[in-house]
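**Student:** Below is a structure I'd like to ask you about.
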Amino acid sequence: MIDQRKLPHEEVYVKLYTYEEVAQAIETMVIRGAPAIGVAAAMGVALGVQKSKTIDSQEFLTLYGRLYQTRPTAINLKWALERMKKCFEKALDHDQPLSHIKQKLEAEALDIYTEDIETNQKMGANGKQFIKNNSKIMTYCNTGTLATAGYGTALGVIRAAHEEGKKFLVYVCETRPFLQGLRLTSWELYKENIPQKVISDNMAGSLMAKKEVDAIFVGADRVAKNGDVANKIGTYSLAVLAKYHGVPFYVVAPTSTIDLQCPTGKEIPIEERNPKEVTHFGGKPVGLEDVPVYNPSFDVTPHELITAIITEKGVFDPIYGRR
Ligand code: MRU
């Protein structure tokens, strides 16, 4: 895995040999982004089973539980773990030898990986119509290859429009406090030669007021049944600004991010992270170290602020359904 904490200045790859190492890599943001977390967790399960000499349901549930507790908001994690669990139960049901179970789980994890790339390409194809030639768009956090198995969700739509030959500029919000926009999205766009301008998050409103933004594309960590969306902290503020200024606000997310068990955004658990992410820059304290800090990693954007949700299965209006 590429260590995302070191980008863009160092491209360091880490090798993970156990499910515990995968769990820690997710917790510490070596691997991040909802779909990438799901794919990595599936591979963590396959690794855990691979290493076991006597895997049984109890042992399987232990490694499932360890990976499940790594990050609470992205539902792709549970989605991928549930898929691995079903695969495990099916292999057990047929009273197969251990080697067969190991093989099946490895194949399932690899399927989750390849399907995610295909899903992202389909979302790109469905969403690129919303990026007009010679337009200026805005994106938030990192939703690209780094956040997925490849291609990206919102960044996949941007990639698809670029591949089609459209000319446009991407405003990249830096995405405080973890700076996924400044460090990761900017790096991905740079590699693809897609024109960009990085801004600090508080500049978005003034750009919209100047009619400098034609559309906004973001990803999602969880979409509730009513269409409310949990995504990186700051997404909600951007959606409110977009509504006020009449800028279309698109969420790009695979159906594996939709949680039908969650009626509304209110029930989505929001992760709170280390206060140092707010007070420190590059490991160095900037603010006072012993003052209380509020650091939720995600917020909820109510569905009425969302123009459309772009999935691999089509484009949906969160209020009226399929467009
Ligand atoms: O805390 P992170 O970096 O894992 O948060 C990532 C996001 O909020 C992304 O927008 C979301 O996972 C969608 S990525 C395809």
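The values are calculated or read from the model by the stated rules, or taken from the named source; none is laboratory data. A quick note: this is a predicted structure, and the numbers were derived from the prediction, not measured. Every residue, glycine among them, receives a Cβ derived from its backbone with ideal geometry; neighbour counts consider all protein chains shown. Side chains are part of the model used for accessible areas, which takes the heavy atoms of the whole protein and leaves out ligands, DNA and RNA. Shrake-Rupley method; radii C 1.70, N 1.55, O 1.52, S 1.80 Å.
**Student:** Does SER237 satisfy the condition of being of a type in the set (Ser, Thr, Tyr), at pLDDT 95 or above and exposed (fewer than 15 other Cβ atoms within 10 Å of the Cβ)?
**Tutor:** In short, no.
**Student:** Mind checking which residues of segment 1-45 are among the charged types (D, E, K, R) and in a helix (DSSP H, G or I)?
**Tutor:** Filtering segment 1-45 for residues among the charged types (D, E, K, R) gives 3, 5-6, 10-11, 15, 20-21, 27, 32.
Answer for segment 1-45, where residues must be among the charged types (D, E, K, R) and in a helix (DSSP H, G or I): GLU20, GLU21, GLU27.
**Student:** Please find, within segment 226-252, the residue that is farthest from the ligand (Cβ to nearest atom) out of those that are farther than 18 Å from GLU267 by Cα and under 13 Å from the mean Cα position of the chain (by Cα).
**Tutor:** VAL251
**Student:** Separate question: Six or more apart or on different chains, Cβ under 6 Å: which pairs go from a residue in segment 32-51 that's more than 10 Å from the ligand (Cβ to nearest atom) to one that's in a loop (DSSP other than H, G, I, E, B)? Could you list them?
**Tutor:** That search, which allows pairs on different chains as well, returns VAL39/ALA149; ALA40/ILE31; VAL49/ILE55.
**Student:** Shifting gears a bit: Being touching a His at 6+ places or on another chain (Cβ under 6 Å) and either of a type in the set (Asp, Glu) or not assigned by TED's automatic domain parsing to the domain that holds LEU179 (or both) is the filter here; which residues of segment 217-249 pass it?
**Tutor:** ASP228
**Student:** Shifting gears a bit: Could you list, in sequence order, the residues of segment 199-212 that are among the aliphatic types (A, V, I, L, M) and under 23 Å from the mean Cα position of the chain (by Cα)?
**Tutor:** Step one: list which residues in segment 199-212 are among the aliphatic types (A, V, I, L, M), which gives 199, 203-204, 207-209.
If the condition is that a residue be among the aliphatic types (A, V, I, L, M) and under 23 Å from the mean Cα position of the chain (by Cα), then ILE199, ALA204 are the ones that fit.
**Student:** Among all residue pairs at least 6 apart or on different chains, which show Cβ distances below 6 Å where the first residue, located in segment 71-90, is more than 10 Å from the ligand (Cβ to nearest atom) and the second is open to solvent by 50 Å² or more (accessible area, probe 1.4 Å)?
**Tutor:** Between residues of segment 71-90 that are more than 10 Å from the ligand (Cβ to nearest atom) and residues that are open to solvent by 50 Å² or more (accessible area, probe 1.4 Å), the close pairs are PRO72/PRO269; LEU81/TYR68; CYS87/LYS104.
**Student:** Restricting attention to segment 102-150, report how many residues are within 16 Å of the ligand (Cβ to nearest atom) and over 12 Å from the mean Cα position of the chain (by Cα). Steps first, please.
**Tutor:** Initially, segment 102-150 is screened for residues within 16 Å of the ligand (Cβ to nearest atom), giving 112-113, 115-124, 126-127, 137-150.
This time we only want the ones that are over 12 Å from the mean Cα position of the chain (by Cα), so: 112-113, 115, 117-119, 121-124, 126-127, 137-139.
Summing the residues that are within 16 Å of the ligand (Cβ to nearest atom) and over 12 Å from the mean Cα position of the chain (by Cα) in segment 102-150 gives 15.
**Student:** Quick one: in segment 281-316, which of the residues that are surrounded by 14 or more Cβ atoms within 10 Å (Cβ to Cβ) and of a type in the set (A, V, I, L, M) is nearest to THR235 (Cα to Cα)?
**Tutor:** The qualifying residue nearest to THR235 (Cα to Cα) is VAL300.
**Student:** Going through segment 57-94 one residue at a time, which ones are under 25 Å from the mean Cα position of the chain (by Cα), part of a helix (DSSP H, G or I) and charged (D, E, K, R)?
**Tutor:** ARG66, LYS78, GLU82, ARG83, LYS85, LYS86
**Student:** Could I ask something else about it? Within segment 34-42, is there a residue that is out of contact with any Gly (no Cβ under 9 Å at 6 or more places or on another chain), surrounded by fewer than 16 Cβ atoms within 10 Å (Cβ to Cβ) and not assigned by TED's automatic domain parsing to the domain that holds ALA224? Spell out the reasoning first.
**Tutor:** Let us first name the residues in segment 34-42 that are out of contact with any Gly (no Cβ under 9 Å at 6 or more places or on another chain), namely 36-42.
With surrounded by fewer than 16 Cβ atoms within 10 Å (Cβ to Cβ) added as a condition, the list becomes none.
Scanning segment 34-42 turns up no residue that is out of contact with any Gly (no Cβ under 9 Å at 6 or more places or on another chain), surrounded by fewer than 16 Cβ atoms within 10 Å (Cβ to Cβ) and not assigned by TED's automatic domain parsing to the domain that holds ALA224.
**Student:** From VAL293, VAL252, which residue is in the same structural domain as VAL172 (by TED's automatic domain parsing) and farther than 25 Å from GLY144 by Cβ?
**Tutor:** Working: VAL252 fails: farther than 25 Å from GLY144 by Cβ.
It is VAL293.
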